[in-house]
Amino acid sequence: MFKHILLPTDGSKLSDKAIKRGIDLAKKGRARITVIHVVPEFKLMVDEGITMLSPALKKRFEDEGRARAQKMLDAISRQARDRGVRCATMCVASDLPYQQIISAAKKKQCDLILMASHGRRGLSSMLLGSETAKVLMHSKVPVLVVR
């Protein structure tokens, strides 16, 4: 069975469902989990050559994103601990979540990535794809998708 499961989350209801399934699977298989949340990087937007960026604004954006992420990760960690599952958490900043998910799975030596499918349909699915699809396409670590 699996010994170390990576559980990516974006905080959505579907991700919450996948997290619960991941904790259940880890409990049954006596595995440990690592939960990862990827926050967007701060991007400077310039309009007609005018920028109003202060270092304080950038820091505030990053701090608030990490605080929200940490609150979510702490709640998931409590759920796992209450079920007797060892849990580590990590928060990284990137505009390419799938790359961070794959990198974390390698770095943490996970033998499974369990994540939610996201229901993009139609044209947006073809143009944008989902992070789950990108992980499926590029990961060498097995991926289990929860619907």
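Quick look at the numbers
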{"read-out": "Amide H partners (placed H, <5 Å) of residue 41, local residues excluded", "value": "94, 95"}
{"read-out": "The chain - percent of accessible surface contributed by carbon and sulfur, probe 1.4 Å", "value": "54 percent"}
{"read-out": "Average Cα contact separation per residue, the chain, under 8 Å, 6 or more apart, as relative contact order %", "value": "32 percent"}
{"read-out": "Efficiency of FRET between residue 54 and residue 94 - r from beta-carbon atoms, R0 30 angstrom, step 0.05", "value": "0.80"}
{"read-out": "Alpha-carbon Debye profile of the chain, log10 I(q)/I(0) at 0.09, 0.13 Å⁻¹", "value": "-0.31, -0.61"}
{"read-out": "Amide H within-cut-off set for residue 88, under 5 Å, with H built and near neighbours excluded", "value": "33, 34, 35"}
{"read-out": "Positive dipole terminus of the chain, leading residue within 22, 12, 69 (C-beta point charges)", "value": "22"}
{"read-out": "Neighbour-limited loop hits for trypsin sites (Lys or Arg not before Pro), region 6-42 (at most 15 other Cβ within 10 Å; DSSP other than H, G, I, E, B)", "value": "30"}
{"read-out": "The chain: calculated mean residue ellipticity at 222 nm from DSSP helix runs of at least 4, using -39500 (n - 2.57)", "value": "-15500 deg cm²/dmol"}
{"read-out": "Virtual spin-label span in nm between residue 21 and residue 66, 7 Å along Cα→Cβ", "value": "3.2 nm"}
{"read-out": "13 Å Cα-Cα reach of residue 59 towards aspartates and glutamates, excluding residues that sit fewer than 8 places from it in its own chain", "value": "41"}
{"read-out": "Residue 57 accessible area, assembled protein chains, probe 1.4 Å, Å²", "value": "80 Å²"}
{"read-out": "Residues whose placed amide H lies under 5 Å from that of residue 144, excluding near-sequence neighbours", "value": "113, 114, 115"}
{"read-out": "Fraction of beta bridges assigned by DSSP in the chain that are antiparallel (%, nearest 5)", "value": "5 percent"}
{"read-out": "Probe 1.4 Å, all protein chains present, accessible-area order of 103, 117, largest first", "value": "103, 117"}
{"read-out": "The chain: DSSP helices with Cα axial extent of at least 30 Å and average Kyte-Doolittle hydropathy no lower than 1.6", "value": "none"}
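The values are calculated or read from the model by the stated rules, or taken from the named source; none is laboratory data. Here the structure is a predicted model, which is why all the values come from computation and not from measurement. Don't worry about glycine lacking a Cβ; one is built from the backbone with ideal geometry, like all the others, and counts go over all protein chains shown. In case anyone asks, the SASA skips ligands and DNA or RNA and just uses the protein heavy atoms, side chains included. Shrake-Rupley method; radii C 1.70, N 1.55, O 1.52, S 1.80 Å.
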